[in-house]
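A.B. asks: Dropping the structure in here first, questions after.
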Amino acid sequence: MADVTITVNGVTFRVPAGTNVVDAARIGGISIPVFCYHPRMKPVGMCRMCLVQVGTPRLDPATRQPMLGEDGRPVIAMMPKLQTGCTTPVSEGMVINTESDEVQFAQKGVLEFLLTSHPLDCPVCDKGGECPLQNLTMAWGPGNSRFDYNDKVHFEKPVHLGDLILLDRERCILCSRCVRFQDELADDPVLGFDNRGRNWMIISKSDPPFDSKFSGNTTDICPVGALTSADFRFKARVWELSSKPVVCTLCPVGCNLSLDMRYDQLMRVMPRENGAVNDIWICDKGRFGHRFIEHESRLTTPLIRKGGHLVEASWDEALALVAEKLAAVQSSRGGSAIAGLASPRLSNEDLYLFQKLFREYFGSHNLDHTLGSAADVDYDEHGALMGVGKGTNLMEMGAGSLVLVIGADPEEEAPLYVLRLRAMLERGAKLVVANMRPTKLERSATTRLYYQPGSELAFVRGLLRAVFDRVGHERLHLKHSGLEQLRKTLSDLSVEQAAELCGVPAETIRAVAQALLEAKQGLIMYGAEARSAGPGMSESLAVLAALTGKVGKPGSGLIALLPGGNSRGALDMGVRPDARAGYAVLSQRGLGAREVWPALREGRVKAVWIAGLDPAAQLPAARAALEAADFVVVQELFLTETAKLADVVLPAASVAEREGTYTNAELRVQRSRQARQAHGEARPDWQIIQGVAQHLSELSVPVAVPTQRVEESSQPVGGKGKSKGPGKTTAVTVAEPSTWDYLTPSEIAAEIAERVPGYAGITYSALAATGQGGDWGRQTNEAIFYDGTNYENSEGIGIQLPNLIEGQKTAVSLGLRPLSKPAHERSLLLVSQSLAYDGDLLLRGSLLERQIPQPYVALSQTDADKLNIKPGDTVRLDSAAGELTLSARVVDDVPAGVALIPSNLPNFSAAAVQTGPRTRVNLVKVVTG
Amino acid sequence: MIGQLLKGLRTTFGYIFTQPVTVQYPEVKRPVRERFRGRHELKRFADGKERCIGCSLCAAACPADAILVVPAENTPDHQVSYGERYAATYEINMLRCIFCGYCEDACPTNAIVLEHQYELSFYDRRDSIYTKEMLLVPEDQGHGDAPPILSQLERRPSPPAQIDL
């Protein structure tokens, strides 16, 4: 929009038209105090704190031109009364006065009125010290009050708005920031106003109360101490805290956090502003789910099994034992008798060293980052190969862009994407949500579609066909292979046939295809439920992105919501049996987690090293295998079920006690810093791995000759099993065997930058860059909006990786697997649902533990009626694999033909029935008594 | 020369017959002034409730960083002080303390007072940390009533707190 010229307090400058007076004045460096206005929300003018004098040039009624005074300057017609700055847009020639006596009188009056109801309990208030009401009273308020203290209004306090948030009604100034945040930004309209006059108050309207994944943000934006978090209540004063920048590892968003520490204790978790990742928000899982760091059950010393019991040992002893045992297995049975599983919450440095140790020392490719349950889905390559283009920033996207969310429930899998996508919608983007069942996000969608359960692939093929019919391959600007085959595959299935299969009308499929083609930028987000449809899903979505030209440019590409905080990093680093770092396929693959368990039982694998995973708790097969294993090393935060079966348990440092880098769903690598001293003797994972490597070299174990390197192919994994493509075999230069003497993780990061494709230039010093000056952190007057609510990002905003397609080095394979017809031998499709508050070990000790549900199976009303099941009934599921008894829930948002069970709950495993990512089950009501 | 010697000794002899200024400490304790700043005490109200509300303002004011306050929440069963908050831990490191009295100035409830005790010696550095139990006056030595700003917190809500929806 065009700029307009305004004059504020006699200073004339230009601002974009349509800006409100508060923001406009801020551009000129002039502060107008506000309480209710927040730059991320629509103004309401409730608090009256931003009252200013506003005048516009007087227009000549005849010519509509500004009338000029005797001095040749426009005559200004001042408005008769003061105006609220936040609701007044600027116009050409506007004159604003923020300092006149009249304005100051009004500001003083507003503050004096606000303080008549205020309890003035600043000494005990959690907001004290970062409270906008305190600050504005000091700067703009009256020196004293004419109000008799004994006449103050009193409310019962505190009021529990929910489990996590407490309300102090006496302190509340009724600015409605919290209500508006929940309504406008989070789309969880659970707060509201009740009553009027002196009894006007905020209430929670939902059951359970304050049912939102974003409730903690309301405490940040509350301009007084009315909303406080149960997690930080009366823990410390804010000036005692030191802010330590870390990255959240609880989901693939990778929010920037500030751990606020007093000495060495975690007091609270706050967001750190990063427009490209989390803006100024974080979800409740990130905010309240970091109590595991100081949990009393953390491991503090290495443990060694002696005579059937785990006893404390020194690091030297433990590491030497690990090295000795692993070396013994290697020399007797070969490296392939050793397997390694590493958690996707570890940092890139840990994961890189982990696979390096296995590949270089043991010559073993038996690596994985999953549990190895039947429900595990295939490794997701396309999220990296065709990931979002470098320079993608959801914050800058709006009109002209389209997001297709398919088979995902971002609210549970990666909560912050809900806020990010909704903010894009606000700016004019389109959102298409396709799912088998209703999710919360779809309430905001411009188009919402439901496909038949199990037919998501047919739906995507229909989309592909519709796109192909319209534009063919003219938008395909990538190096590719298998075009003919694609043409043939697509010609097999018309849009109408696909529509019939998936239950979405053909016109709708065509309309979505058309919208995707018309959009300038297009993102395709897919989650656990889409991935559970099989590897054909991500492949088809990748081809869809390629055919519509939504790849390799900023604002376009795939976003895969993977479990854990760093699954993308684990895949990039090659912690998988079939490919090295950078998705270089191995000709001879090792054993994945799923094959490791039977191999352990059969004795083909003798030793296993598990870093940060707890398979024994979830999988009976893994428990049996670990009991049968010769040697088990577990590197963990807690004494988990798996650790209890281990021969050596090594205490690992949590994310707060070490440095590291993490790669998020948008391929952004971010650096996390150390926030506290090591917990007991716990060491960072990379140090543990290095320690074992050093002991191994003392044992003078010859480094396994990397013979397989020469056989490596540069073909991307996406093409495996199908077209040969440009399957040229390239020799990879064999690197010098390393000496394993990294002093800091930055040295490992430097090696990663050198050796892992795509990570070039990602060094710690580069990661410290904070973007263009002024865009990040507090600017003039911003302290008033954000005071105490978040932290500026002075430690680096991360670097986005280029997707591998961008370099045009790898070719995308367009060949698609044929659509398989599912067998229907059992009546229901068992789908696991990812929950945000699940049995993740990292939620240990947090307030969220109470919100973890008991195991259940959710059914539609139709199926429940058919099977005569009532809510709360005990039901038995049986599949080809086995049986499972659960309590039933009957809910609206599950389609007929689907049984939904939450995945990864504590003390519960669905492994007994699962035959794959999706299982067909029969369901019977269990009649007791 | 003799004269000069006598002149000098006159001062000496003069002092022999005056009252000595030396106080036979520790048998005799030297009295201190009213505003002397000695060891801190944490006071109570007359009804025995602690005056300290755990606000940490003393710690914030302390130029020597000698004070540690860890607050906690009062519950109806465990009402330590007036209002919602009390100090669960209150420690002063007497080796760090410079007895400036800023904590006393900062205290909104007159809970911390620098009293007249000055015998603060210890054999172990660890003993220099005075805990809340050591600083707090006995329960029956409280004085004064809570000011309205604190006592009114106990008052019944003026409008009905819960209205039927």
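A.B. asks: Before anything else, pin down the relative contact order of chain A: Cα pairs under 8 Å, at least 6 apart, normalised by residue count, whole percent.
C.D. replies: Computed value for chain A: 14 percent relative contact order.
A.B. asks: What's the magnitude of the charge dipole for segment A:828-925 around its Cα centre, counting Lys and Arg as +1 and Asp and Glu as -1 at the beta-carbon? Answer in Debye, nearest 20.
C.D. replies: About 120 debye.
A.B. asks: Taking amide H positions as placed in the peptide plane 1.01 Å from N, state which residues far from A:R169 in sequence (5 or more) or on other chains have amide H under 5 Å from it.
C.D. replies: A:V159
A.B. asks: Counting other C-beta atoms within 10 Å, and keeping those with at most 16, which DSSP coil trypsin sites (Lys or Arg not before Pro) do you find in segment A:50-121?
C.D. replies: Counting only loop positions with at most 16 other Cβ atoms within 10 Å, the trypsin sites (Lys or Arg not before Pro) in segment A:50-121 are A:R58, A:R64, A:K81.
A.B. asks: Quick one: if you stick a label point 7 Å off each Cα along the C-beta vector at A:E602 and A:H309, how many nm between them?
C.D. replies: Placing both labels 7 Å beyond Cα along the Cβ direction yields 3.8 nm.
A.B. asks: Could I ask something else about it? Please compute the net charge surrounding A:D630, taking Lys and Arg as +1 and Asp and Glu as -1 over other residues with Cβ under 15 Å from its Cβ.
C.D. replies: Here the charged neighbours net out to +2.
A.B. asks: Taking the Cβ of each residue in A:L650, A:L816, B:L136 as the centre, tally the other Cβ atoms inside 10 Å and list the residues starting with the fewest.
C.D. replies: B:L136, A:L816, A:L650
A.B. asks: A further question follows. Compute the normalised compactness of segment A:439-595: alpha-carbon radius of gyration over 2.2 N^0.38 Å, N being the residue count.
C.D. replies: Relative to the 2.2 N^0.38 Å estimate, segment A:439-595 comes out at 1.11.
A.B. asks: Using only atoms on other chains, find how many Cβ atoms lie within 10 Å of each Cβ of peptide A:153-162 and report the average.
C.D. replies: 3
A.B. asks: Counting each pair of different Cα atoms once, what's the Kirkwood radius of the protein assembly as shown in Å, rounded to one decimal?
C.D. replies: Every distinct Cα pair counted, the radius reaches 32.9 Å.
A.B. asks: Could you work out [θ]222 nm for chain A from helices alone, using -39500 (n - 2.57) per DSSP H run of at least four and dividing by all its residues? Round to the nearest 500 deg cm²/dmol.
C.D. replies: When only DSSP H runs of four or more count, the value is -7000 deg cm²/dmol.
A.B. asks: A further question on this structure: For segment B:23-147, what is the per residue volume of the convex hull drawn over the alpha-carbon atoms, in cubic angstrom?
C.D. replies: 124 Å³
A.B. asks: Taking the Cα-to-Cβ direction at A:Q65 and at A:E99 and moving 7 Å from each Cα, how far apart do the two end points lie in nm?
C.D. replies: With each label placed 7 Å out from Cα toward Cβ, I get 3.4 nm.
A.B. asks: Expressed as a rounded percentage, what relative contact order does segment B:23-147 have, with Cα pairs under 8 Å and six or more residues apart?
C.D. replies: 37 percent
A.B. asks: So what is the relative contact order of segment A:828-925, in percent, for Cα pairs below 8 Å that sit 6 or more residues apart?
C.D. replies: 43 percent
A.B. asks: Next question. Using the alpha carbon gyration tensor of segment A:3-99, what are the three equivalent-ellipsoid semi-axes (square root of 5 times each eigenvalue), largest first, in whole Å?
C.D. replies: Output for segment A:3-99: semi-axes of 25, 13, 12 Å.
A.B. asks: What stretch of chain B, leaving out the sites themselves, is the longest with no trypsin sites (Lys or Arg not before Pro) in a DSSP loop having at most 12 other Cβ atoms within 10 Å?
C.D. replies: B:36-154
A.B. asks: Once you have the Kirkwood Rh of segment A:828-925 from its Cα pairs, apply Stokes-Einstein at 25 °C and 0.890 mPa s and quote D in µm²/s.
C.D. replies: 179 µm²/s
A.B. asks: Let me ask you something else. Starting from 0.36 nm per residue, how many nanometres of slack lie between A:D878 and A:E184 once their C-alpha separation is accounted for?
C.D. replies: Contour length minus Cα-Cα distance gives 245.5 nm.
A.B. asks: Let me ask another. Using r as the Cβ-Cβ distance of A:A678 and B:D77, and R0 as 30 Å, what FRET efficiency do you calculate, to the nearest 0.05?
C.D. replies: It comes to 0.20.
A.B. asks: Another one. Computed FRET efficiency, Cβ-Cβ of A:S444 and A:N393, R0 22 Å: what is it to the nearest 0.05?
C.D. replies: Efficiency for this residue pair is about 0.65.
A.B. asks: Follow-up. So if we plug the beta-carbon distance of B:R33 and A:S145 into 1/(1 + (r/R0)^6) with R0 = 25 Å, what FRET efficiency do we get, rounded to 0.05?
C.D. replies: It comes out at approximately 0.10.
A.B. asks: I've got another one for you. Which value, in debye to the nearest 20, describes the size of the charge dipole of chain A about its Cα centre when Lys and Arg Cβ atoms bear +1, Asp and Glu Cβ atoms bear -1, and nothing else is charged?
C.D. replies: 1520 debye
A.B. asks: Under a Cβ-Cβ cut-off of 9 Å, what is the net charge of the residues other than A:L645 that fall near it, where Lys and Arg count +1 and Asp and Glu count -1?
C.D. replies: -1
A.B. asks: Residue by residue through A:113-124, how many Cβ atoms from other chains fall within 10 Å of the Cβ on average?
C.D. replies: Rounded to a whole number, the mean comes out at 4.
A.B. asks: Given points 7 Å out from each Cα along the Cα-Cβ axis, report the A:Q497 to A:T5 separation in nanometres with one decimal.
C.D. replies: 6.8 nm
A.B. asks: Let me ask something else about it. Pick out, in residue order, every one of the GluC sites (Glu not before Pro) in segment A:65-136 that is DSSP loop and has at most 11 other C-beta atoms within 10 Å; say none if there are none.
C.D. replies: Of the GluC sites (Glu not before Pro), the ones in loops of segment A:65-136 whose Cβ has at most 11 other Cβ atoms within 10 Å are A:E70.
A.B. asks: Please compute, for peptide A:382-392, the average count of beta-carbon atoms on other protein chains lying within 10 Å of each residue's beta-carbon.
C.D. replies: 0
A.B. asks: Please sort A:35-46, A:667-678, A:521-532, A:246-257 by packing, taking for each peptide the average over its residues of neighbouring beta carbons within 10 angstrom, highest first.
C.D. replies: Descending packing order for the listed peptides: A:246-257, A:521-532, A:667-678, A:35-46.
A.B. asks: Looking only at Cβ-Cβ distances, which cysteines of chain A have no other cysteine closer than 4.7 Å?
C.D. replies: Those would be A:C50, A:C86, A:C122, A:C125, A:C131, A:C172, A:C178, A:C222, A:C251, A:C283, A:C502, since no other cysteine Cβ in chain A comes under 4.7 Å of theirs.
Only the coordinates and a few stated rules stand behind these numbers; no lab work does. All values derive from a computational prediction rather than experimental measurement. Cβ sites come from the backbone with ideal geometry, for glycine too, and all protein chains shown count toward neighbours.
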